[in-house]
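Participant: Encoded as structure tokens, here's the structure I'll be asking about.
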């Protein structure tokens, strides 16, 4: 991964490069930022620059043997840890190394912007939560006890460091306090409040903000075959999240479908057309789980936008032009009396669908609740 391939964050890139040029590389660094901000890509580009055989003033050379191996995520002195769990193939004591082939594929498929739920689906852990397991702590000790193979530094990239199993964190803390010589730990996390404070205190934090709209627009225009209008719509929706923008562009038709489905559903609920609601529920319940999750993510985005409109923060609404027109038509019916309850209902529905709840029951229950909520005026409350 080259720095120049990562959109935006020029000041952060320059600071990282300068630490190498000044020989002031901290042995433990925490790349902290929201989903889609490029924190993993920056950590990987940094690691590649550190071990590049012919580093340039502003980037790795990209052609030396070390850079080529980094491009393939297969350098012998580059190691990874990430959340895993048991699967049909790995039935006990899972560790990161068991999933390394899938991990390399996943990172490349995600264009170096990995997302946690997509990783869980990739390795097939079903409804279990991934963790950085106890076996990984033992594996780290084993791997780092060896000398580096061909580079000055051994580098361990720990993705989603907030997912440490409670038994792993104390062991890892000891490694951070007494690191092997020429060993570098790059932790990557999204939720600082979910990490153990003693681990955070022993790292140098590198804060990665969201991408600005111009950088996001430029990278999407260069990397996708989308039109300028499609890209502008994606940027408007994404709020600096490359993953959301990329997903929006890959699901342009799906976004339109979700908007039409949501509009039709709300109309049926407002008119209390129970027979037609039952038909709607029967049809939508036949969709795949990922399609249903996408629908509820759209519904949650609608609710967030309606909140901003009602609290007079329209400038913060992130939507395409078509969605914006739809939102203003809907706003008289999603108001201060019901909007928070809609948000809670859609959030719970997403949670249930993600865990394989019955879609028909979920949608019918939501429809009956929506019938009541849509009739509320701002001064009223749900009975």
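The values are calculated or read from the model by the stated rules, or taken from the named source; none is laboratory data. Given the structure is predicted, the values throughout are model-derived calculations rather than measurements. Virtual Cβ from ideal backbone geometry, glycine too; neighbours counted across all protein chains shown.
Participant: What are the residues in segment 38-65 that are buried (at least 23 other Cβ atoms within 10 Å of the Cβ) and over 27 Å from the mean Cα position of the chain (by Cα), if any?
Facilitator: 51
Participant: I've got another one for you. Being more than 26 Å from residue 250 (Cα to Cα) and free of Cβ contacts under 8 Å to residues at least 60 places away in the same chain is true for just one of 163, 182, 122. Which residue is that?
Facilitator: Result of the check over 163, 182, 122: 182.
Participant: I'd like the residue in segment 237-267 that is surrounded by fewer than 19 Cβ atoms within 10 Å (Cβ to Cβ), touching a helix residue (DSSP H, G or I) at 6+ places or on another chain (Cβ under 8 Å) and modelled with pLDDT under 80 and, out of all such residues, is nearest to residue 114 (Cα to Cα).
Facilitator: Here the answer is 251.
Participant: Quick one: would you say residue 105 is without any contact (Cβ under 8 Å) to a residue 24 or more places away in the chain and under 23 Å from residue 1 (Cα atoms)?
Facilitator: yes
Participant: Would a scan of segment 119-133 turn up a residue that is surrounded by 16 or more Cβ atoms within 10 Å (Cβ to Cβ), over 23 Å from the mean Cα position of the chain (by Cα) and either under 19 Å from residue 200 (Cα atoms) or assigned by TED's automatic domain parsing to the domain that holds residue 89 (or both)?
Facilitator: Checked against the condition, which is being surrounded by 16 or more Cβ atoms within 10 Å (Cβ to Cβ), over 23 Å from the mean Cα position of the chain (by Cα) and either under 19 Å from residue 200 (Cα atoms) or assigned by TED's automatic domain parsing to the domain that holds residue 89 (or both), segment 119-133 yields no hits at all.
Participant: Looking at the structure I just gave you, is residue 150 assigned to a loop (DSSP other than H, G, I, E, B) and in the same structural domain as residue 42 (by TED's automatic domain parsing)?
Facilitator: Criteria met by residue 150.
Participant: To continue, here is another question. Any chance segment 114-121 includes a residue that's within 26 Å of residue 174 (Cβ to Cβ) and at pLDDT 90 or above?
Facilitator: Checked segment 114-121: no residue is within 26 Å of residue 174 (Cβ to Cβ) and at pLDDT 90 or above.
Participant: Take residues that are over 21 Å from the mean Cα position of the chain (by Cα) and assigned by TED's automatic domain parsing to the domain that holds residue 351 and tell me which of the helices (runs of 4 or more DSSP H) falling wholly in segment 200-290 contain 2 or more.
Facilitator: 252-271, 274-284
Participant: Please work out which residue is farthest from residue 191 (Cα to Cα), limiting yourself to segment 153-177 and to residues that are touching a helix residue (DSSP H, G or I) at 6+ places or on another chain (Cβ under 9 Å), modelled with pLDDT under 85 and not in a helix (DSSP H, G or I).
Facilitator: Here the residue is 167.
Participant: Now for a separate question. Identify, from the list 370, 349, 315, the residue that is at pLDDT below 90 and within 19 Å of residue 304 (Cα to Cα).
Facilitator: Only one candidate qualifies: 315.
Participant: Just to be sure I understand, how many residues within segment 178-199 are loosely packed, with under 14 Cβ neighbours inside 10 Å and part of a helix (DSSP H, G or I)?
Facilitator: Looking only at that region, the number is 4.
Participant: Quick one: which of 114, 94, 55 is touching a residue at least 60 places away in the same chain (Cβ under 8 Å), touching a helix residue (DSSP H, G or I) at 6+ places or on another chain (Cβ under 8 Å) and assigned by TED's automatic domain parsing to the domain that holds residue 18?
Facilitator: 114
Participant: So residue 70 clears everything in (1) assigned to a loop (DSSP other than H, G, I, E, B); (2) more than 27 Å from residue 173 (Cβ to Cβ); (3) within 23 Å of the chain's Cα centre (by Cα) except one condition, right? Which one?
Facilitator: (1)
Participant: Report yes if residue 62 is outside the structural domain of residue 241 (by TED's automatic domain parsing) and within 22 Å of residue 4 (Cβ to Cβ), otherwise no.
Facilitator: Judged against the criteria, residue 62 is a match.
Participant: When segment 206-230 is examined, which residues are found to be surrounded by 15 or more Cβ atoms within 10 Å (Cβ to Cβ) and in contact with a strand residue (DSSP E or B) (Cβ under 8 Å, 6 or more places away or on another chain)?
Facilitator: Scanning segment 206-230 gives 206, 208.
Participant: Restricting segment 354-374 to residues that are over 30 Å from the mean Cα position of the chain (by Cα) and loosely packed, with under 15 Cβ neighbours inside 10 Å, which is farthest from residue 341 (Cα to Cα)?
Facilitator: Per the stated criteria, the residue is 368.
Participant: Among (1) part of a loop (DSSP other than H, G, I, E, B); (2) out of contact with any helix residue (DSSP H, G or I) (no Cβ under 8 Å at 6 or more places or on another chain), where does residue 43 come up short?
Facilitator: (1)
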